[in-house]
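Novice: Sharing a structure, written as structure tokens. Questions coming.
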There are 2 protein chains.
Amino acid sequence: MGSLWVPVILNGPGRVGTKFVHLLWDKAPYIEARTGIRPVLVAVVDADRSLFSPDGLTPEDIDRWKRDDGQASGPSFPDILDTMADVGPVPYLPGIVVEATPTDLATGEPGLGHITRALWRGFSVITLAKGPLVVAFQQLRALAADTGASLRYSGAAAAALPTVDTALYSMAGADIVEIEGVLNGTTNYVLNSMAQGMDYDEALTEAQEMGVAEADPTLDVQGFDSAAKLLILANTIWGVDLCLRDVTRQGITQIQKETVVRHARKGTPVRLLARATRDDREGGAIQMTVRPEPVPAGHPFVNLPGTQKAVRYLSRQMGEITIMGGAGDVAGAAAAALKDLIHILDEMKLRIGI
Amino acid sequence: MGSLWVPVILNGPGRVGTKFVHLLWDKAPYIEARTGIRPVLVAVVDADRSLFSPDGLTPEDIDRWKRDDGQASGPSFPDILDTMADVGPVPYLPGIVVEATPTDLATGEPGLGHITRALWRGFSVITLAKGPLVVAFQQLRALAADTGASLRYSGAAAAALPTVDTALYSMAGADIVEIEGVLNGTTNYVLNSMAQGMDYDEALTEAQEMGVAEADPTLDVQGFDSAAKLLILANTIWGVDLCLRDVTRQGITQIQKETVVRHARKGTPVRLLARATRDDREGGAIQMTVRPEPVPAGHPFVNLPGTQKAVRYLSRQMGEITIMGGAGDVAGAAAAALKDLIHILDEMKLRIGI
């Protein structure tokens, strides 16, 4: 490889991770043209094995390795980071770790350990796992700042819906005083089905059959997933260090079909609303709630069919800005992670002055 | 001034320009904390006079100067740029010109001359004027690329509604295949009033009385403003070099009240829709239209009260993303220009490694 390149390591080759590998492969020429830096996937790491090639892996390599359980075991994580330190031809282009392991909102593991070790070594991190951010957001941010690495997590905060980018970039300089979102696609789908007359159990079963809800839907229907995303946004936007217990949370399991139908007919549909408000004074108190609520007529969340998500920011200087849509979870989350990678390389380009 | 600072020059101290001056003053400490660089307004330039101080101007200085026609005439534009070249203590922190002169969609002047001269001297430019972008977008981009300057124009493309940032940043790496927008607040206001039973003339007069429509509403009601914004977005997103004549344009002056009322009652309100589509093949043909159309039921543009604007991008990798809202024109445009300034300084910080 003659030109500048940056090694990419994927932790967790599940559905999103694998989709990311394909997207990265397709878009690598575009990214190199845009930034002058070629991202090269050099390793994929699973719980107990890895596939490693300093010359780069193709999507076919990974598909083959996933099918064949025994083949090609490379270094485990984080040893692979030390291996990489010897491989890169340009020492000032540190690598990128993409964290796509299953999320654990209580301990943040295994992602938290992975991310800490990666940042510690100066690798930038793109995490699709929410757990590490829920458990240790400000510590991870501080660690990244110390080592000059980048920590990005668009895919952990509502996938392709650009919740983080809109707040931090599109609204730069505006003081956001309220965050309101429909941040979980599964519960929105269930509530939309109930609005058309289905019972909760029936709607959930249908969602599971369609792959919209997981076999164990607890995190979604009890509002933990929405609360985690809201927490990530509040900590990001306001620079605070709140935790999941600070979110007053109520899921959709207790809501009556009749209530949902009645509100839908009135044009004020019930949504699982995640809301964070900040007291007007500087450093003021922050309230965070997740609960099912009817949306007032004329509100931009009235019309959110299927699994659609949305977020609405209320700011002093720019007024209200609402974003809605974004591709569903696997493809959208992978595209969000690829966007994060592009932003890291955009910044790297500026830093090294190419 | 001990720390790093960057000189800012404002061309056109009208309502938006003056609002920008106040916002910049309020946010300068925040910007310095964020980027390590302090933006200092050193000059305000009007058609035939200017106010200049290398030590920085306060909003009060400018308000006083605006009230007193004869006072304090400094260098004119572009001579003031040469003056600045001798003032800045750090030669590698080139200045920023904010272009807020009234727009002329036919010639792009006077903004086009200002921007060309500023970029030529290595100044970065934030333009709120659409004219220069409509007339010479790719030439200005190329000039900026040649001199390493930045050219930003959020405030010229629907004010606080982050049309450009969402496409280029929040959707980085996604292939956008369709742009659809309600990009003009005045016409949306008039159509919303007509939907409630007002005649066109009555609705327009009311809009003028409320300051929503200008005394000469031609650019808005004949669709030129929407067409200009659509053109700017299409040229930005697809890297093409189309011109205003390439937009098939129809305003709202001919539409019947009965048509508007009928569609509103059906839940498919008439909006002045701006739409650009790109043929699926690489380098495929681009179609751009602006015309009043009923919005299908369930579309995110159904509910856009008052002067509210929205844009919807359809992409391959991220699906559909819609943004709506954003503060109305003067405050929102000024906040958008301030955001552009923050982005320029964010990049400068990375370039100079502070």
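The values are calculated or read from the model by the stated rules, or taken from the named source; none is laboratory data. These figures come from a predicted structure and were not determined experimentally. Quick reminder, even Gly has a Cβ in these numbers, built from the backbone with ideal geometry, and neighbours come from all protein chains shown. Remember, those area values only see protein heavy atoms, side chains included, never the ligands or the DNA or RNA. Shrake-Rupley method; radii C 1.70, N 1.55, O 1.52, S 1.80 Å.
Novice: Placing unit charges on C-beta atoms (Lys and Arg positive, Asp and Glu negative, everything else neutral), compute the dipole magnitude of chain A about its Cα centre in debye, rounded to 20. Let's see the in-between values first.
Specialist: Working: 32 positive and 42 negative charges, 183 e Å.
Charge dipole, chain A, about its Cα centre: 880 debye, nearest 20.
Novice: If you take every DSSP beta bridge fully contained in segment A:186-312, what fraction is antiparallel? Give it as a percent rounded to 5. Walk me through the numbers before you get to the answer.
Specialist: Values: 9 of 12 bridges.
For segment A:186-312, the DSSP antiparallel bridge percentage is about 75.
Novice: With every protein chain present, what accessible area does B:L338 have (1.4 Å probe, heavy atoms only), rounded to the nearest 10 Å²?
Specialist: 0
Novice: Let me ask something else about it. Copy-to-copy spacing for B:D63, label 7 Å out on the Cα-to-C-beta vector, in nm, shortest first?
Specialist: Copy-to-copy label distances for B:D63: 6.6 nm.
Novice: What angle, in degrees between 0 and 90 and rounded to the nearest 10, separates the Cα long axis of helix B:15-35 from the longest principal axis of the Cα atoms of chain B?
Specialist: Taking Cα atoms only, the helix is inclined about 60 degrees.
Novice: Let me ask another. Can you list, shortest first and in nm, the gaps between the label point of B:L168 and those of its counterparts in the other copies, using a point 7 Å from Cα in the C-beta direction?
Specialist: Ordered by distance, the counterparts are at 1.9 nm.
Novice: What is the ratio of the Cα radius of gyration of segment B:93-142 to 2.2 N^0.38 Å, where N is its residue count, to two decimals? Each step should come with its number before you reach the end.
Specialist: On the way: Rg = 9.9 Å, N = 50, 2.2 N^0.38 = 9.7 Å.
This ratio for segment B:93-142 stands at 1.02.
Novice: Report, to the nearest 10°, how far helix B:200-209 tilts away from the longest principal axis of the Cα atoms in chain B, using its own Cα long axis and a range of 0 to 90°.
Specialist: Once rounded, the angle reads 30 degrees.
Novice: Got the A:G284 label distances to the other copies yet, label 7 Å along Cα→Cβ, in nm, shortest first?
Specialist: 4.9
Novice: Select from segment A:199-279 those trypsin sites (Lys or Arg not before Pro) which occupy a DSSP coil region and have at most 10 other Cβ atoms within 10 Å, ordered by residue number.
Specialist: Numbers: sites: A:K229, A:R245, A:R249, A:K257, A:R262, A:R265, A:K266, A:R271, A:R275, A:R278; in loops: A:K266.
Sparse-neighbourhood loop trypsin sites (Lys or Arg not before Pro): A:K266.
Novice: When chain A is turned about an axis onto chain B, which of its residues keeps its C-beta closest to that axis, and how many Å is it?
Specialist: A:L350, 2
Novice: If you don't mind, another one. Report, by chain and number, residues whose modeled amide H sits under 5 Å from the one on B:G319, excluding near sequence neighbours (fewer than 5 apart, same chain).
Specialist: Amide H neighbours of B:G319: A:A327.
Novice: Rounded, prolate or oblate: pick one for segment A:194-301, where a ≥ b ≥ c are the square roots of the eigenvalues of its C-alpha gyration tensor, a/c under 1.5 means rounded, and failing that, prolate if a/b is larger than b/c, else oblate.
Specialist: Values: a/c = 2.84, a/b = 1.56, b/c = 1.81.
In terms of gyration-tensor shape, oblate.
Novice: What do you reckon, how do A:D201, A:D82 stack up by accessible area (1.4 Å probe), largest on top? Each step should come with its number before you reach the end.
Specialist: Numbers: A:D201 105, A:D82 70 Å².
The ranking, largest first, comes out as A:D201, A:D82.
Novice: Out of all DSSP beta bridges in chain B, what portion is antiparallel? Express it as a percent rounded to 5. Don't jump to the answer; show the numbers that get you there.
Specialist: Working: 28 of 48 bridges.
If I count the DSSP bridges inside chain B, around 60 percent turn out antiparallel.
Novice: Also: For A:A297 and A:Y30, compute 0.36 nm times the residue count separating them, minus their Cα-Cα distance, and round to one decimal in nm. Provide the component values of the computation, followed by the final result.
Specialist: Working: separation 267, 0.36 × 267 = 96.12 nm, distance 4.35 nm.
The span from A:A297 to A:Y30 would gain 91.8 nm if fully extended.
Novice: Right, next: Assuming R0 = 51 Å, can you tell me the calculated FRET efficiency for the pair A:L168 and B:E258, based on Cβ-Cβ distance, to the nearest 0.05?
Specialist: Numbers: r = 47 Å, r/R0 = 0.91.
Computed FRET efficiency for A:L168 and B:E258 comes out at 0.65.
Novice: In whole angstrom, how far apart do the alpha carbon centroids of segment B:43-58 and segment B:249-293 sit?
Specialist: Here the answer is 43 Å between Cα centres.
Novice: In chain B, if the dipole is taken from +1 on Lys/Arg beta carbons and -1 on Asp/Glu beta carbons about the Cα centre, which of B:T205, B:Q222, B:P102 is farthest to the positive end?
Specialist: Comparing the listed Cα positions along the dipole, B:Q222 ranks first.
Novice: Which ³J(HN,Hα) values, rounded to whole Hz and listed in residue order, are derived for segment B:334-339 from phi using the Karplus coefficients 6.51, -1.76 and 1.60 in 6.51 cos²θ - 1.76 cosθ + 1.60 with θ = phi - 60°, glycine and proline given as x?
Specialist: My calculation for segment B:334-339 gives 5, 5, 5, 5, 5, 4 Hz in order.
Novice: Using a 1.4 angstrom probe on the protein heavy atoms only, line up A:T236, B:T259 by accessible area, largest first.
Specialist: Details: A:T236 10, B:T259 40 Å².
The most accessible residue leads, giving B:T259, A:T236.
Novice: For the protein assembly as shown, report the accessible area per residue in Å² (1.4 Å probe, heavy atoms, rounded to an integer). Could the numbers behind the result be given before it?
Specialist: Numbers: 27710 Å² over 708 residues.
Accessible area per residue: 39 Å².
Novice: Show that you can apply the helix-only estimate: for chain A, add -39,500 (n - 2.57) for every DSSP H stretch of four or more residues, divide by all residues, and state [θ] at 222 nm to the nearest 500.
Specialist: Working: 11 runs with 139 residues, N = 354.
Using -39500 (n - 2.57) per qualifying helix, the result is -12500 deg cm²/dmol.
Novice: Compute, for the protein assembly as shown, the length of the dipole vector about the Cα centre, with Cβ point charges of +1 (Lys, Arg) and -1 (Asp, Glu) only. Units Debye, rounded to 20. Walk me through the intermediate numbers first.
Specialist: Details: 64 positive and 84 negative charges, 83 e Å.
Approximately 400 debye in magnitude.
Novice: Could you report the buried accessible area between B and A, both sides summed, computed with a 1.4 Å probe and given in Å² to the nearest 100?
Specialist: Values: alone 15410 and 15450 Å², together 27710 Å².
Heavy-atom accessible area buried at this interface is about 3200 Å².
Novice: Could you give the spread of the C-alpha atoms of segment A:223-354 along their three principal axes, from largest to smallest, in whole angstroms?
Specialist: Extents along the principal axes, in whole Å: 61, 38, 30.
Novice: Run the accessible area of the protein assembly as shown with a 1.4 Å probe and give the carbon-and-sulfur part as a rounded percent. Write out the running numbers ahead of the final one.
Specialist: Numbers: 13510 of 27710 Å².
On the protein assembly as shown, the fraction of accessible area on carbon and sulfur atoms equals 49 percent.
Novice: Checking buried surface per residue: for segment A:156-190, which residues lose a minimum of 30 Å² accessible area in the protein assembly relative to the chain alone (1.4 Å probe)?
Specialist: A:A160, A:P162, A:Y169, A:S170, A:A172, A:G173
Novice: Something else: Just which residues of segment B:310-331 lose 40 Å² or more accessible area with every protein chain there, against their chain alone, with the probe set to 1.4 Å?
Specialist: Buried by the other chains: B:Q317, B:M318, B:I321, B:T322, B:M324.
Novice: For segment B:264-270, what does the Karplus curve 6.51 cos²θ - 1.76 cosθ + 1.60, with θ = phi - 60°, yield as ³J(HN,Hα) per residue in whole Hz, taken in order and with x for Gly and Pro?
Specialist: Values per residue, Gly and Pro as x: 4, 5, 7, x, 10, x, 7 Hz.
Novice: Give me the angle, in degrees from 0 to 90, between the Cα long axis of helix A:185-195 and the longest principal axis of the Cα atoms of chain A, rounded to the nearest 10.
Specialist: Once rounded, the angle reads 20 degrees.
Novice: Still on this structure: Percent relative contact order of segment A:172-297, based on C-alpha pairs within less than 8 angstrom and at least six residues apart?
Specialist: Numbers: 199 pairs, mean separation 40.3, N = 126.
Over segment A:172-297, the number comes to 32 percent.
Novice: If you plug each phi of segment A:51-62 into the Karplus form 6.51 cos²θ - 1.76 cosθ + 1.60 with θ = phi - 60°, what whole-Hz ³J(HN,Hα) values come out, in order, with x for Gly and Pro?
Specialist: Whole-Hz 3J(HN,Hα) from phi for segment A:51-62: 10, 9, 8, x, 8, x, 10, 9, x, 5, 3, 6.
Novice: Same structure, new question: For segment B:174-272, state which GluC sites (Glu not before Pro) are in a DSSP loop and have at most 15 other beta carbons lying within 10 Å of their beta carbon. Can you show the working numbers first?
Specialist: Values: sites: B:E178, B:E180, B:E202, B:E206, B:E209, B:E214, B:E258; in loops: B:E214.
For GluC sites (Glu not before Pro) across segment B:174-272 that sit outside H, G, I, E and B with at most 15 neighbouring Cβ atoms in 10 Å, the list reads B:E214.
Novice: Compare A:Y153, A:Y169 by solvent-accessible area with a 1.4 Å probe and give them largest first, with all protein chains kept in place.
Specialist: Values: A:Y153 15, A:Y169 40 Å².
Sorted descending by solvent-accessible area, the residues read A:Y169, A:Y153.
Novice: Pull out a ≥ b ≥ c, the square roots of the eigenvalues of the alpha-carbon gyration tensor of segment B:305-354, then state rounded if a/c is under 1.5, prolate if not and a/b is larger than b/c, and oblate in the remaining case. Write out the running numbers ahead of the final one.
Specialist: Details: a/c = 5.73, a/b = 1.38, b/c = 4.15.
Because a/c hits 1.5 or more and a/b fails to exceed b/c, segment B:305-354 counts as oblate.
Novice: On to the next question. Output the residues of segment A:26-52 meeting this criterion: accessible area (heavy atoms, 1.4 Å probe) in the chain alone minus accessible area with all protein chains in place is 40 Å² or greater.
Specialist: Residues passing the criterion (a loss of at least 40 Å², heavy atoms only) are A:K27.
Novice: Over chain B, what is the relative contact order in whole percent, taking alpha-carbon pairs under 8 Å and six or more residues apart? Display every interim value, and only then the final one.
Specialist: Details: 692 pairs, mean separation 66.2, N = 354.
Over chain B, the number comes to 19 percent.
Novice: So what's the convex hull volume per residue for the Cα atoms of chain A, in Å³? Could the numbers behind the result be given before it?
Specialist: Numbers: hull volume 48.2 nm³, N = 354.
Per residue, the Cα convex hull of chain A comes to 136 Å³.
Novice: Moving on. What does the C-alpha gyration tensor say about the overall shape of segment A:293-334? Classify as rounded when a/c is under 1.5, otherwise prolate if a/b is larger than b/c, or oblate. Walk me through the intermediate numbers first.
Specialist: Working: a/c = 3.37, a/b = 1.39, b/c = 2.43.
Cα axes put segment A:293-334 in the oblate bin.
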